[in-house]
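Asker: Before anything else, here's the structure in question.
The values are calculated or read from the model by the stated rules, or taken from the named source; none is laboratory data. Keep in mind the model is a prediction, meaning the values are calculated, not measured. When we count neighbours, we look across all protein chains shown, and the Cβ atoms used for this are built from the backbone with ideal geometry, even at glycine. Ligands, DNA and RNA are stripped out before the accessible areas are found, and what is left, the full protein with its side chains, is counted by its heavy atoms. Shrake-Rupley method; radii C 1.70, N 1.55, O 1.52, S 1.80 Å.
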Amino acid sequence: MTDATWTALADPRRRAMLDVLRVRACAVGELVDELGFTQPATSKHLRVLRDAGLVRVRTHAQQRIYSVDLERMAELDAWLAPFRRLWNERLDELGRHLDRTAAAERGDDGDGGGRGDGDGAAKRTRGG
């Protein structure tokens, strides 16, 4: 990942544009309407995203249609994968600790209160 990628992603307006473009390809005017930014600001942010390789542009009639560059996003996802695993492991550890603490406070033997999963707090923490 380049510094340009992180610089592009650091701006919340550009992330909002990526959220829209993740769902569908759009012309500049559609992004202006959807997000409420000015046309010049939208064009400027799209240029930053394009220069960072996060979006692609194609011409259709008189419009430029922008879409997410899936290849670059896959690279970003691959780079983030080890960190995601690290956080999942840490959240699992936290869940086990919270289960043990709750069981100790109830005077249980630490078996998860009969749930059988032993990871209830971790799943709740991650929304699972």
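Asker: State which residue is surrounded by the fewest Cβ atoms within 10 Å (Cβ to Cβ) when the search covers only the range 14-31 and only residues that are charged (D, E, K, R) and more than 14 Å from the chain's Cα centre (by Cα).
Answerer: In this case the residue turns out to be 24.
Asker: Please state which of the following conditions residue 34 fails to meet, knowing it meets all the rest: (1) surrounded by fewer than 11 Cβ atoms within 10 Å (Cβ to Cβ); (2) in contact with a strand residue (DSSP E or B) (Cβ under 8 Å, 6 or more places away or on another chain); (3) of a type outside the set (A, V, I, L, M, F, W, C); (4) in a helix (DSSP H, G or I).
Answerer: Of the numbered conditions (1) surrounded by fewer than 11 Cβ atoms within 10 Å (Cβ to Cβ); (2) in contact with a strand residue (DSSP E or B) (Cβ under 8 Å, 6 or more places away or on another chain); (3) of a type outside the set (A, V, I, L, M, F, W, C); (4) in a helix (DSSP H, G or I), the odd one out for residue 34 is (1).
Asker: In addition: Residues to consider are 64, 47; find the one that is within 17 Å of residue 29 (Cα to Cα), in contact with a Lys or Arg (Cβ under 9 Å, 6 or more places away or on another chain) and without any contact (Cβ under 8 Å) to a residue 60 or more places away in the chain.
Answerer: 64
Asker: Related question: Working carefully through the options 30, 34, find the one that is in contact with a helix residue (DSSP H, G or I) (Cβ under 6 Å, 6 or more places away or on another chain) and closer than 26 Å to residue 62 by Cα.
Answerer: Selected residue: 34, the only one of 30, 34 that is in contact with a helix residue (DSSP H, G or I) (Cβ under 6 Å, 6 or more places away or on another chain) and closer than 26 Å to residue 62 by Cα.
Asker: Would you please name the residue that is least open to solvent (accessible area, probe 1.4 Å), looking only at residues in the range 1-13 that are hydrophobic (A, V, I, L, M, F, W, C) and in contact (Cβ under 8 Å) with a residue 40 or more places away in the chain?
Answerer: So, considering only residues that are hydrophobic (A, V, I, L, M, F, W, C) and in contact (Cβ under 8 Å) with a residue 40 or more places away in the chain, the one least open to solvent (accessible area, probe 1.4 Å) is 8.
Asker: Kindly provide the set of residues from the range 32-56 that are in contact with a Ser or Thr (Cβ under 8 Å, 6 or more places away or on another chain) and within 15 Å of residue 8 (Cβ to Cβ), ordered by number. Full working, then the answer.
Answerer: Taking the range 32-56 as the starting set, the residues that turn out to be in contact with a Ser or Thr (Cβ under 8 Å, 6 or more places away or on another chain) are 32, 35, 48, 52-56.
If the condition is that a residue be in contact with a Ser or Thr (Cβ under 8 Å, 6 or more places away or on another chain) and within 15 Å of residue 8 (Cβ to Cβ), then 48, 52, 53, 54, 55, 56 are the ones that fit.
Asker: Looking only at residues that are among the acidic types (Asp, Glu) and open to solvent by 60 Å² or more (accessible area, probe 1.4 Å) in the range 40-98, which one is nearest to residue 7 (Cα to Cα)?
Answerer: 51
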